[in-house]
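Each remark here refers to the structure printed beneath this line.
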Amino acid sequence: MLGVFKQDDSLGRRLVVILKGFPCSWGRCTFCPFALEQSFNLREVMETNRKIVKEAIEIAENEGYERVAVFNGSSFHELLYDTVERLRPLARNRIFEIEERSEYVTKESIDALLNYYSPRRLVIRVGFEVFDEGIREELLRKGMPNSEVFRLARLRKELREMSYPVEFLIYVLFGIEYIPEEKVIESVRKFKELFDGVIAVRYRKYLPNHPREVPVSRELASFLNAEADLVDWGGEQWEFPTRKRKGSK
Ligand code: SF4
């Protein structure tokens, strides 16, 4: 769903801006639904995003949003320059959150983003999905081996030592046939040790050739509610009290 959405949850009060993208340059993950909203049409992508960004700037300014998350169904670095440029007033002096494939995340690319956007803090979400490399690479086909997990963990440590205003949040997928619950739990624990937090995402099957959804046990639901920084249930109703993440408003 494209557009501008107001959210207030464990990550705090924020504006979520969902832009139209070109198809992801990787495009091979076996569970990926994002192609459904992507387009090859340059004019359509550019004009849709101009409208969405304009609306987001108005809402952020009029309603005092201090955190803005921008998603485009692939990596931030694959957005059109026209969109990249229009996002500047939205990012400046705010907590600015983006999604990237790991190969776009380097010290140089982070320096460039911080210089260009001057955010108060830059939050980078990366979809490693599961800590087990065999599942990630052979079944999910993410194209992000453990060498990338540990490269980013080292980069995060280096940036923290230099007091960079940068945070890494890692997606963990659950409720999908390929990832047993104990591997979900392992992933949350390992990624929390290596990065700043975890966002757990309930898998939804959108296309017939995608993996099956599987039920989620009450035990896993309670674990995720207690341990993940945010749980995206994808519409499923589990009743847990909202818990604010440390540092969120
Ligand atoms: S990296 Fe993300 S957008 Fe690209 S194919 Fe995989 S899940 Fe889809």
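What the table below lists for this structure:
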read-out	value
Residue, farthest from E181 (Cα to Cα), within the range 110-142, restricted to residues that are touching an Asp or Glu at 6+ places or on another chain (Cβ under 7 Å) and among the aliphatic types (A, V, I, L, M)	V123
Residues (touching a helix residue (DSSP H, G or I) at 6+ places or on another chain (Cβ under 7 Å), at pLDDT 95 or above and assigned to a loop (DSSP other than H, G, I, E, B)) located in the range 183-224	F195, S217
Scan of the range 100-126 for residues that are of a type in the set (S, T, Y), buried (at least 16 other Cβ atoms within 10 Å of the Cβ) and closer than 26 Å to G12 by Cα, ordered by number	S102, Y117
Hits in the range 42-71 - residues which are more than 25 Å from L122 (Cα to Cα) and of a type in the set (V, I, T)	none
Cβ-Cβ under 8 Å pairs, at least 6 apart or on other chains, the range 138-159 side within 16 Å of the ligand (Cβ to nearest atom), far side basic (K, R)	R141/R28; K142/R136; G143/R28; G143/R101; M144/R101; M144/R136; P145/R136
Residue list for the range 88-102, restricted to those being in contact with an Asp or Glu (Cβ under 7 Å, 6 or more places away or on another chain) and within 16 Å of the ligand (Cβ to nearest atom)	S102
Boolean, S39 is within 16 Å of the ligand (Cβ to nearest atom) and under 14 Å from V123 (Cα atoms)	no
Boolean, V216 is surrounded by 15 or more Cβ atoms within 10 Å (Cβ to Cβ) and closer than 26 Å to I124 by Cβ	no
Residue satisfying all of: in the range 42-61; hydrophobic (A, V, I, L, M, F, W, C) and in contact (Cβ under 8 Å) with a residue 40 or more places away in the chain; nearest to the ligand (Cβ to nearest atom) among these	I52
Residue in the range 4-26 that is at positive phi and within 16 Å of the ligand (Cβ to nearest atom) present	no
All positions within the range 98-155 that are farther than 27 Å from L87 by Cβ and among the polar types (S, T, N, Q)	N146, S147
Filter result for the condition that a residue is among the charged types (D, E, K, R), under 22 Å from C24 (Cα atoms), within 13 Å of the ligand (Cβ to nearest atom) and surrounded by fewer than 22 Cβ atoms within 10 Å (Cβ to Cβ), over E85, E78, E129	E78
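Conditions (1) of a type in the set (K, R); (2) surrounded by 14 or more Cβ atoms within 10 Å (Cβ to Cβ); (3) touching a strand residue (DSSP E or B) at 6+ places or on another chain (Cβ under 9 Å), marked per residue:
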position	(1), (2), (3)
V4	no, yes, yes
D8	no, no, yes
L19	no, yes, yes
R28	yes, no, no
N41	no, no, no
N49	no, yes, no
E63	no, no, yes
A69	no, yes, yes
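The values are calculated or read from the model by the stated rules, or taken from the named source; none is laboratory data. Quantities reported herein were computed from a predicted structural model and do not represent experimental measurements. Please note: Cβ atoms are built from the backbone with ideal geometry, for glycine as well, and neighbour counts cover all protein chains shown.
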